[in-house]
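See structure below.
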Amino acid sequence: MSAITTSGRTSSGPRKSKLGWNLLGLLVFATAGFPVYWMFNTAFKPAKDAIDSDPSLFPTAVTLDNFRRALDIADFWGPVGRSLIVSLSVVVIGMVVGLLAALAISRFAFRGRKIVIVGILAVQMVPLVAMIIPIFLLLNDLDQYDKLSGLIITYLTFILPFTVWTLRGFIVNIPKELEEAAMVDGCSRTGAFVRVVFPLLAPGMVATSVYGFIQAWNEYLYALMLLSQKNQTATVWLGNFTTKHGTEYAPMMAGSTMMAVPIVVLFLIVQRKMAAGLTAGAVKG
């Protein structure tokens, strides 16, 4: 009888623990997801309901006027196109350079290797706002102020260290023995990397690319300071809804919703690879 009681207590313990973790997960999801829901909710509300002092959790009426207003208030496709150019360029350049740097740090021993690793970490600890004036002066001297190429170079200064450090973690968890076995079978070092390491590294590259794209796409401060209004990106474009007469919240939320679409589409396309990349470094070997 005591054995049955003990077994019952043992089985009920994990159930309560699992229930508690599930409730905590739902709480975190609700906390993180509510602002996104409220953005969509406000985007489809009539403008007068968006500034109601007693807002409703669910829209009482649905309208598309906010999206029309968002498209009419200023050029929308121009800023979105420029944001796509900048974000994709940063991802492509960052992945090529970052992969080579991460490979060198992970697979080769050279003088100053530890200093390079510490330097990569130190760069990521510097607040971005602290570098605005030096970057502005440097780009002005290089004739890159108010140019997308200058903004791309600027974004690489903080996305490239993140890319190198992240890819290094993935490469370290791929056993060297796989490359050595391929080289024994006749592959060159480059061939062993392309045929053996690169396929295993692909999920990690996808995950890193997505995070790099999101950082470049959502960046606001440097885009505001380094580009004029005619070259503004999508995040700066949202500032057109704030005027001396106040903020048009409903059209702003409609614009934010349209800006979120590329990120959502990108995530849906690469979600499987991204999930695999996020767990690739969990188990070594």
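The figures follow:
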| quantity | calculated |
| --- | --- |
| Unique match (being open to solvent by 40 Å² or more (accessible area, probe 1.4 Å), of a type outside the set (A, V, I, L, M, F, W, C), within 23 Å of G94 (Cα to Cα) and at pLDDT 85 or above) among R168, R189 | R168 |
| Some residue of segment 45-54 being in contact with a Pro (Cβ under 7 Å, 6 or more places away or on another chain) and farther than 30 Å from Q232 by Cβ | no |
| Check on I120, under 30 Å from P175 (Cα atoms) and either open to solvent by 20 Å² or more (accessible area, probe 1.4 Å) or touching an Asp or Glu at 6+ places or on another chain (Cβ under 6 Å) (or both) | yes |
| Matching residues, segment 180-225, being touching a residue at least 40 places away in the same chain (Cβ under 8 Å) and more than 22 Å from the chain's Cα centre (by Cα) | F193 |
| Hey, T157 closer than 22 Å to V91 by Cβ, open to solvent by 50 Å² or more (accessible area, probe 1.4 Å), without any contact (Cβ under 8 Å) to a residue 40 or more places away in the chain and out of contact with any Ser or Thr (no Cβ under 8 Å at 6 or more places or on another chain) or not | yes |
| Candidate set: segment 78-111, residues that are open to solvent by less than 30 Å² (accessible area, probe 1.4 Å), of a type outside the set (A, V, I, L, M) and over 17 Å from G169 (Cβ atoms); chosen: the one nearest to the chain's Cα centre (by Cα) | S87 |
| Helices (runs of 4 or more DSSP H) lying entirely in segment 117-216 (those with 1 or more residues that are out of contact with any helix residue (DSSP H, G or I) (no Cβ under 6 Å at 6 or more places or on another chain) and of a type in the set (A, V, I, L, M, F, W, C)) | 132-141, 148-172, 176-184 |
| Pair list, Cβ < 8 Å and 6+ apart or interchain, from segment 110-125 residues that are closer than 14 Å to V164 by Cβ to residues that are open to solvent by less than 70 Å² (accessible area, probe 1.4 Å) and of a type in the set (F, W, Y) | V123/F158; Q124/F158; Q124/F162 |
| Selected residue [farther than 23 Å from G239 by Cβ and in a helix (DSSP H, G or I)] from L27, L57, L71 | L27 |
| Single residue of segment 217-240 satisfying the filter (assigned to a helix (DSSP H, G or I) and among the polar types (S, T, N, Q)) that is farthest from L99 (Cα to Cα) | N240 |
| The lone exception for K16 - which of (1) free of Cβ contacts under 8 Å to residues at least 12 places away in the same chain; (2) among the charged types (D, E, K, R); (3) touching a Pro at 6+ places or on another chain (Cβ under 6 Å) it fails | (3) |
| Count - residues of segment 126-152 that are farther than 21 Å from I214 by Cα, touching a residue at least 40 places away in the same chain (Cβ under 8 Å) and open to solvent by less than 80 Å² (accessible area, probe 1.4 Å) | 4 |
| Flag for L84 being modelled with pLDDT of 90 or more and assigned to a helix (DSSP H, G or I) | yes |
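The values are calculated or read from the model by the stated rules, or taken from the named source; none is laboratory data. None of the values given here were measured: they were computed from a predicted structure. Here Cβ is always computed from backbone atoms with ideal geometry, including for glycine, and neighbour counts include all displayed protein chains. In case anyone asks, the SASA skips ligands and DNA or RNA and just uses the protein heavy atoms, side chains included. Shrake-Rupley method; radii C 1.70, N 1.55, O 1.52, S 1.80 Å.
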